[in-house]
Structure formats: C-alpha cells, structure tokens
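The values are calculated or read from the model by the stated rules, or taken from the named source; none is laboratory data. Because the structure is predicted, anything quoted here is derived from the model rather than measured. Glycine gets a Cβ as well: all are built from the backbone with ideal geometry, and neighbour counts include every protein chain shown.
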Amino acid sequence: MDGNTRDQTSRRPNGARESQILALLQQAGDALTPGEVVERLDGELTYSTVVTILTRMHAKEMLRRSPRGRAYAYAPVTDDAGFAARRMRSVLDARPDREAVLARFADELSDADAELLRQMLGDGVDGVDGADPAPDGRR
C-alpha cells in the first residue's frame with residue numbers, strides 16, 4: 001500500500017471527528033478545554049486540529065463555550081435526544097410542505113412509535129420539554 005492510500009484510509013471524515021469529540025464532551029459531564037480534549041483522546045489529534053473542530057462545532061451551535069484561563073472550555077448545548085430533535089427540526093424547516101413531510105414521517109412510524117407519539121401529543125408533550133400549553137390549549 002502506498003503513502004496516498006494509507007493516508008486516505010486512516011483519515012476520518014470531519015463528521016466522525018465531531019461525533020467523537022461530542023461523545024467525549026457528553027461523557028465528561030463538565031466543559032473541557034482543547035488541551036483536555038487532546039489528553040482524553042490520547043494524542044490522537046493535534047491541539048490545533050481539536051481547536052479547529054471545537055470552533056466549528058461552536059459556530060454550528062452544537063457547543064457553548066466559556067473562558068477558562070487562556071483558552072475556552074467547551075460543553076454540549078444538549079444531550080443526544082436534543083441533538084436528534086434538532087436535526088429532525090432542521091430537516092422539517094428546510095422543506096416547503098411541512099404537512100406532507102410530517103404525514104410521511106407519521107406513516108412510516110412503527111406501531112409502537114406511533115402509539116408513543118399519540119400518548120405524548122395527548123399529554124401535551126409537557127413531559128418532554130417542560131413547556132406549559134397556552135391557556136386555550138393551543139401551542
């Protein structure tokens with residue numbers, strides 16, 4: 001195998017690196033600096049690469065950051081379920097016919113998931129986001 005082939009197979013796409021770092025930050029339970037991320041990755045990535053990835057994830061509003069010493073410390077803005085919901089909402093927002101997308105989504109749910117969604121909607125979904133329904137029952 002020549003150098004080009006090895007470099008191409010050993011490199012991971014940016015999305016995979018973001019997922020790896022996001023999982024690490026979620027497991028940490030506290031905000032981490034780029035140096036702490038590098039340490040926890042056992043030097044798998046360079047400091048500058050980690051800073052670049054964290055900065056991009058912050059720009060995508062996946063992470064919040066706060067100053068810590070001479071660096072920033074980064075933490076996820078939500079948990080796995082929250083990120084999945086954000087992805088679903090962004091797909092829905094990108095389509096002009098929300099009703100058709102939602103109808104197709106609902107049609108493709110398993111019976112168990114459809115029942116769970118019915119229960120959640122019947123309960124006003126308050127248990128999920130903690131929001132109170134409007135006085136007239138609408139959202």
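Within region 38-108, considering only helices (runs of 4 or more DSSP H) that don't extend past its boundaries, which have at least 2 residues that are under 17 Å from I21 (Cβ atoms)?
47-59, 80-93
Would you tally the residues in region 18-58 being more than 13 Å from the chain's Cα centre (by Cα) and more than 17 Å from A71 (Cβ to Cβ)?
5
Look at A112 and say whether it is modelled with pLDDT of 90 or more and surrounded by fewer than 12 Cβ atoms within 10 Å (Cβ to Cβ). Can you show your working first?
Working: modelled with pLDDT of 90 or more: yes; surrounded by fewer than 12 Cβ atoms within 10 Å (Cβ to Cβ): yes.
Spelling it out, A112 is indeed modelled with pLDDT of 90 or more and surrounded by fewer than 12 Cβ atoms within 10 Å (Cβ to Cβ).
Filter region 58-70 down to residues that are modelled with pLDDT of 95 or more and surrounded by 11 or more Cβ atoms within 10 Å (Cβ to Cβ), then give me how many there are.
5
Could you pull out the residue among V101, V125 that is modelled with pLDDT of 90 or more, surrounded by 11 or more Cβ atoms within 10 Å (Cβ to Cβ) and either in the same structural domain as G15 (by TED's automatic domain parsing) or over 17 Å from the mean Cα position of the chain (by Cα) (or both)?
V101
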